[in-house]
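Take a look at the structure set out below.
The values are calculated or read from the model by the stated rules, or taken from the named source; none is laboratory data. No experiment lies behind these values; they were computed from the predicted model shown. Note that each Cβ is placed from the backbone with ideal geometry, even for glycine, and that neighbours are counted across all protein chains shown.
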Amino acid sequence: MYICEKLEKAKIEQKRVEKALRESEEKYRTIFENVYDQIVYANKYGTIIAANDREKIFGRKSEEIIGKNFTKLGYFNVKQYPIMEF
């Protein structure tokens, strides 16, 4: 019985954590999609992973810049900025 109780508690905890994660993702998505500012999310290599649809970013629609490296879009002189490492 002891193992069954531990498994049941673990299952309940997993469901609680999954619910909290879904709620957090929904909150993030709502903010990301409805904020009035332009948001661009890039990985540590500068590749744009996501961009919200607030007008045009870098003069282009978000779907046109996703997957591209932001340094190659012609708006930044990379030599002016220090290299950032995470």
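Of the listed requirements (1) more than 30 Å from Thr71 (Cβ to Cβ); (2) hydroxyl-bearing (Ser, Thr, Tyr); (3) surrounded by 13 or more Cβ atoms within 10 Å (Cβ to Cβ), Thr47 misses just one: (1). Selection within the range 39-54: residues that are part of a loop (DSSP other than H, G, I, E, B) and modelled with pLDDT of 85 or more. The member of this set that is farthest from Lys72 (Cα to Cα) is Asn52.
Of all residue pairs spaced 6 or more apart or on separate chains, those with beta-carbon atoms under 8 Å, a first member in the range 10-33 that is under 26 Å from Arg54 (Cα atoms) and a second member that is of a type in the set (Asp, Glu) and outside any helix (DSSP H, G or I) are Glu33/Asp53. Does the range 26-35 contain any residue that is at pLDDT below 90 and assigned to a loop (DSSP other than H, G, I, E, B)? Yes, the range 26-35 contains at least one residue that is at pLDDT below 90 and assigned to a loop (DSSP other than H, G, I, E, B).
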